[in-house]
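The structure appears below as structure tokens.
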Amino acid sequence: MSKYYLTTPIYYVNAAPHIGHAYTTIAAEAIARVKRLQGHEVVLTSGTDEHGTKVERAAKAQGKTPGEFVDLISNEFQTIWKKLDLQIDRFQRTTDKKHAQNVNRLFEACKQNGYIYKGTYTGLYAVVSESFVNDAKPGDIDPETGKPYEELTEENYFFKLSAFTEPLLKFYDEHPDFVQPEIRRNEVLAFVKQGLEDLSITRTSIKWGVPVESDPAHVFYVWFDALMAYWTAVNGEDRWPADLHLIGKEILRFHAVYWPAFLMAAGWPLPKKIFAHGWLLFENDKMSKSRGNIVRPTPIAETMGVDALRYFLLREIVFGQDGSFSFDALVGRYNSDLANGLGNLASRTLSMIQQYRAGAIPQASSDPAIAAIVEKASKAALDAYDAFEFSRALEHIWSIISAVDKFIVERAPWKGGNSVDETLYTAANALRTVCVLVHPVMPHAAEAIWQQLGETGKIALGGALKTGQKIGKVAGVFPRLDAKPTIQKMQELEEAEKARQAALMGKAPEANFITIDDFAKVDLRVGQVKSAEAVKGADKLLHLKVDIGEEEPRTIVAGIALAYKPEQLVGRKVVIVANLQPRKLRGLTSQGMIVAASLGDGQPVLASFLEDVPVGARLK
Ligand code: MSP
């Protein structure tokens, strides 16, 4: 039996598991089942990525040590995977001792081969979070201190990524399906073709990480540590290289560029395939804590069953592309495809065998036309599974269901006649094939129908129903659901789960609300801009004088220069936070803050009024 090793990403512990994490893990678990069906000996790993400053801070905020905190959240991931009945063979944590040794082994191997050197790294540093800020420019203000980020230089080990531009391009060329889907491969090629820069892979400014054994003032920087978890998970098992790393598209570069480069540098084998899927959105919107639209998987599984969730995610979304989740669509698909489709075919076929043939599979062979449809669709479904095209595979399987439904109606076995045996055998045997084919996506329902067909062995490809076999007890697998109460129940459970996870992460859910007294503390006033000018040396800042009805206009330093020219502002009515602690910026003391909407691209849009309002009026 050939071996097959696949991985999910190892998830960060600074967020509790949600439906996005579940999406990847469910897809990986379904692939594992496809491979098992095809006779491979499969290992699927998942895990948690537990180092870094963010984790250290989250632990501190809860009064816990980082170790205590990561245990808690890693455990939460493992618990949720169990609740979703996902079969994970190994769960790898980056805080595992064996893992730390392996990261050092990778480092030493790269070093021995001449791909590691010591250099200095200079970057803008946020003091409170004790980390470098990658996307800030000199002069940018650290929101946590109100002061510009500090420039900090530290000694780091560097990885000579630049040496791998050509070797990687050659590798992609020789292994055209290393990165999939095609669109992701093209992204990777375009990125590498620009030429790669060396990578700083250690830090002395972080404490919560894997220490560099040969130089313990350093810890490894996140990705050098994280990627190696794929190796550690099967260390000593003769499983490497991995056959597949399944990931979300946002971590493509780390997997398709850095990871193969690290392994080439060490002289170790490269994984065979990286598949990056798209993002799961909520009602076409990005899921995020600040939008409050994160969906958790367990309320859905508890209400509709794990299989319904698995089916929806893999059928609704074209794997590889972005897709959207919504409760309406979930229940809609459940009723149309599962209750009226597969569930209905199973119950009508089995009940007729019960009723007309005393529960024994009749002696007949399949109708040749239906048998041909089943064979063709099965092959197409398996091919689609091989390409990880779940939605297409399921479409092919459902083409069998509709063909058999139509066949039953045409034959009308309830009218009796000579063809009843053949009709019932044909339908039941097709149902048996459907069971095998949907098993990777809906293992529980497939098992249930399999048993109702009277099958006792393991679900496996090939074979046919045996004449005379007694069917099991017939019970509906997908009862029809009333949309409104079902959705309401899921949303109630969702609220409870949200609160439970918030408590786990150390945040009281009430913290989302402030009292009216809290709000009353903020002194918001209508002001009028009297003058505006650029601030020297700071391209985002404007120096404003704003009249808020006091004797003197206030000096306000505002980060709005990229959106507004000084002359656009003079005379304009604006909203000012008048009792904010004064703060010094570029030698000016800002005596308040101007209120603006902050859009996704970072551009501010000033708050204003449609009616004329007097200067100095209070907002409340
Ligand atoms: N720790 C890194 C991965 C290291 S792998 C060596 C990380 N962790 S993460 O917690 O942010 O998880 C990211 C992965 O979770 C994504 O790549 C994707 O597989 C999954 N997803 C998280 N949210 C998702 C969506 N909204 N939609 C689809 N997948 C999502 O990055």
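The values are calculated or read from the model by the stated rules, or taken from the named source; none is laboratory data. All values reported here derive from a predicted model rather than from experimental measurement. Using ideal geometry, Cβ is built from the backbone for each residue, glycine included, and neighbour counts are taken over all protein chains shown. Surface accessibility is based on the protein's heavy atoms, side chains included, excluding ligands, DNA and RNA. Shrake-Rupley method; radii C 1.70, N 1.55, O 1.52, S 1.80 Å.
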Verdict on R203 being within 22 Å of V103 (Cβ to Cβ) and out of contact with any strand residue (DSSP E or B) (no Cβ under 7 Å at 6 or more places or on another chain): no
Flag for I19 being closer than 30 Å to A381 by Cα, of a type outside the set (D, E) and either within 11 Å of the ligand (Cβ to nearest atom) or in contact with a Leu (Cβ under 6 Å, 6 or more places away or on another chain) (or both): yes
Residues (under 19 Å from T165 (Cβ atoms) and open to solvent by less than 40 Å² (accessible area, probe 1.4 Å)) located in the range 177-194: F178, V179, R184, R185, V188, L189, V192
In the range 22-42, residue farthest from M490 (Cα to Cα) [restricted to those that are within 16 Å of the ligand (Cβ to nearest atom) and of a type in the set (G, A, S)]: A32
First in the range 30-51 and in contact (Cβ under 8 Å) with a residue 60 or more places away in the chain, second anywhere and part of a helix (DSSP H, G or I) and open to solvent by less than 10 Å² (accessible area, probe 1.4 Å), Cβ under 6 Å, 6 or more apart: V34/Y385; G47/A229; D49/A226; H51/D225
Which numbered condition I353 misses (of (1) within 14 Å of the ligand (Cβ to nearest atom); (2) touching a strand residue (DSSP E or B) at 6+ places or on another chain (Cβ under 9 Å)): (1)
Listing of strands (runs of 3 or more DSSP E) fully contained in the range 514-620 that carry 2 or more residues being exposed (fewer than 12 other Cβ atoms within 10 Å of the Cβ): 596-598
Criterion violated by W268 - all others in (1) within 12 Å of the ligand (Cβ to nearest atom); (2) not in a helix (DSSP H, G or I) satisfied: (1)
Flag for N293 being at pLDDT below 95, within 15 Å of the ligand (Cβ to nearest atom) and open to solvent by 30 Å² or more (accessible area, probe 1.4 Å): no
Within the range 148-176, tally of residues that are open to solvent by 40 Å² or more (accessible area, probe 1.4 Å) and at pLDDT 95 or above: 10
Some residue of the range 339-346 being closer than 30 Å to M304 by Cβ and open to solvent by 20 Å² or more (accessible area, probe 1.4 Å): yes
Per-region count, the range 357-401, residues among the hydroxyl-bearing types (S, T, Y), open to solvent by 50 Å² or more (accessible area, probe 1.4 Å) and in contact with a Ser or Thr (Cβ under 7 Å, 6 or more places away or on another chain): 0
The range 214-251, subset without any contact (Cβ under 8 Å) to a residue 40 or more places away in the chain and hydrophobic (A, V, I, L, M, F, W, C), residue farthest from the ligand (Cβ to nearest atom): A217
Residue list for the range 9-24, filter: polar (S, T, N, Q) and under 10 Å from the mean Cα position of the chain (by Cα): T24
Verdict on P485 being surrounded by fewer than 14 Cβ atoms within 10 Å (Cβ to Cβ) and within 38 Å of the chain's Cα centre (by Cα): yes
Among (1) among the charged types (D, E, K, R); (2) within 11 Å of the ligand (Cβ to nearest atom); (3) open to solvent by 30 Å² or more (accessible area, probe 1.4 Å), the one test that E56 misses: (2)
